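Inspection log for the structure reproduced underneath, given as structure tokens.
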Amino acid sequence: MSAASLSTGAIMAFSLLLLACSLMTAASAGNLDQNLQITWGDGRAKIIENGQLLTLSLDKASGSGFQSKNEYLFGKIDMQLKLVPGNSAGTVTAYYLSSQGPTHDEIDFEFLGNLSGDPYTLHTNVFAQGKGNKEMQFHLWFDPTKDFHTYSILWNPRHIIFMVDGMPIRDFKNMESKGVAFPKNQPMRIYSSLWNADDWATQGGRIKTDWAKAPFTASYRNFNADACVWSSGASNCPSKKAGTASASSDWWNQELDSTSQGRMRWVQRNYMIYNYCTDLKRFPQGLPPECSIA
């Protein structure tokens, strides 16, 4: 490795550390009971520590899950997660926004379990009007089972930006002018679940869940939604739409500046393991139109 590339790598690693520290400090420690509700799992999901911690568990009989009490139409959503440790092969921890119905919209983080010592796979996807097939997958630059890390979705009328500890990893742009559907009309709830998917999750389903290691547990804290709450057929975000939001929370107009674009390219160059826009075998008739748009 050249001195120049070593220097670049060291600078990027230092930037990652600073971003992680700032996110940890800035994250709201709101009471999870106020914002989230457990929806299934027969007691396997718990909100504990006076509403400051939520845990989901999976055993051979069932997984578990929760959802947000509110629906949102645009916003910046942050959640700190600590994933299932050890041999989590076959398990999936899903954390996503979704509307309902056959033409639903959806914005996905999914964490695919691993054999001990192997990296988790972070799977991202975007659905618009019931159609997805826009997967990008990453490995992470840290062990997501050792501590909490912040996973964020910034969703405004022009961008869906996926972030990890404040580092952008993916920017799905509104390209409706090119015939590409974009989620913008359907309010979505936040959902999360821990479930068994050993038919596909780890090495394409070759590695099965080891139930001797159950129960598997993922932990959540510091949920924050700076978002437009949807209620009675209307949004509560007139100030955002008018462009009068404060600079500190102006996610409505936010996009990646040149520095952030550079950080995203660094992540994608070093940690992205799958990009649907380069999968020519999957799209023999031609890649989706957004793949050729800068």
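The values are calculated or read from the model by the stated rules, or taken from the named source; none is laboratory data. Since we're looking at a predicted model, the values are computed, not measured. Quick reminder, even Gly has a Cβ in these numbers, built from the backbone with ideal geometry, and neighbours come from all protein chains shown. For the accessible areas, the whole protein counts, side chains as well, though only heavy atoms, and no ligand, DNA or RNA atoms are used. Shrake-Rupley method; radii C 1.70, N 1.55, O 1.52, S 1.80 Å.
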Of the residues in segment 263-294, how many are open to solvent by 40 Å² or more (accessible area, probe 1.4 Å), modelled with pLDDT of 95 or more and among the β-branched types (Val, Ile, Thr)? 2
Within the group 123, 139, which residue is in contact with a helix residue (DSSP H, G or I) (Cβ under 8 Å, 6 or more places away or on another chain) and within 26 Å of residue 202 (Cα to Cα)? 139
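Checking the structure you have, find out if any residue of segment 43-53 is touching a residue at least 60 places away in the same chain (Cβ under 8 Å) and under 20 Å from the mean Cα position of the chain (by Cα).
yes
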Residues being assigned to a strand (DSSP E or B) and either among the hydrophobic types (A, V, I, L, M, F, W, C) or open to solvent by 10 Å² or more (accessible area, probe 1.4 Å) (or both): count how many of those fall in segment 140-185. 15
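Among the residues of segment 131-139, are any assigned to a strand (DSSP E or B), basic (Lys, Arg) and out of contact with any Phe, Trp or Tyr (no Cβ under 9 Å at 6 or more places or on another chain)?
Of segment 131-139, the ones assigned to a strand (DSSP E or B) are 131, 136-138.
Filter once more, so that each one left must be basic (Lys, Arg): 131.
Cutting the leftovers down to out of contact with any Phe, Trp or Tyr (no Cβ under 9 Å at 6 or more places or on another chain) gives us 131.
There is at least one residue in segment 131-139 that is assigned to a strand (DSSP E or B), basic (Lys, Arg) and out of contact with any Phe, Trp or Tyr (no Cβ under 9 Å at 6 or more places or on another chain).
If only one of 118, 108 is farther than 18 Å from residue 38 by Cα, without any contact (Cβ under 8 Å) to a residue 60 or more places away in the chain and out of contact with any Phe, Trp or Tyr (no Cβ under 6 Å at 6 or more places or on another chain), which one is it?
Numbers: 108 fails: out of contact with any Phe, Trp or Tyr (no Cβ under 6 Å at 6 or more places or on another chain).
That would be 118, the only listed residue that is farther than 18 Å from residue 38 by Cα, without any contact (Cβ under 8 Å) to a residue 60 or more places away in the chain and out of contact with any Phe, Trp or Tyr (no Cβ under 6 Å at 6 or more places or on another chain).
Confirm whether residue 88 is at pLDDT below 95, small (Gly, Ala, Ser) and touching a Gly at 6+ places or on another chain (Cβ under 6 Å). Spell out the reasoning first.
Working: at pLDDT below 95: no; small (Gly, Ala, Ser): yes; touching a Gly at 6+ places or on another chain (Cβ under 6 Å): yes.
Answer is no for this residue.
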How many residues are farther than 23 Å from residue 43 by Cβ and touching a residue at least 24 places away in the same chain (Cβ under 8 Å) if we restrict to segment 204-242? 14
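Report whether or not residue 116 is in contact with an Asp or Glu (Cβ under 9 Å, 6 or more places away or on another chain), modelled with pLDDT under 95, exposed (fewer than 15 other Cβ atoms within 10 Å of the Cβ) and not charged (D, E, K, R).
Details: in contact with an Asp or Glu (Cβ under 9 Å, 6 or more places away or on another chain): no; modelled with pLDDT under 95: yes; exposed (fewer than 15 other Cβ atoms within 10 Å of the Cβ): yes; not charged (D, E, K, R): yes.
For residue 116, the condition - in contact with an Asp or Glu (Cβ under 9 Å, 6 or more places away or on another chain), modelled with pLDDT under 95, exposed (fewer than 15 other Cβ atoms within 10 Å of the Cβ) and not charged (D, E, K, R) - is not met.
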Residue 40 passes all but one of (1) at pLDDT below 95; (2) more than 21 Å from residue 120 (Cβ to Cβ); which number fails? (1)
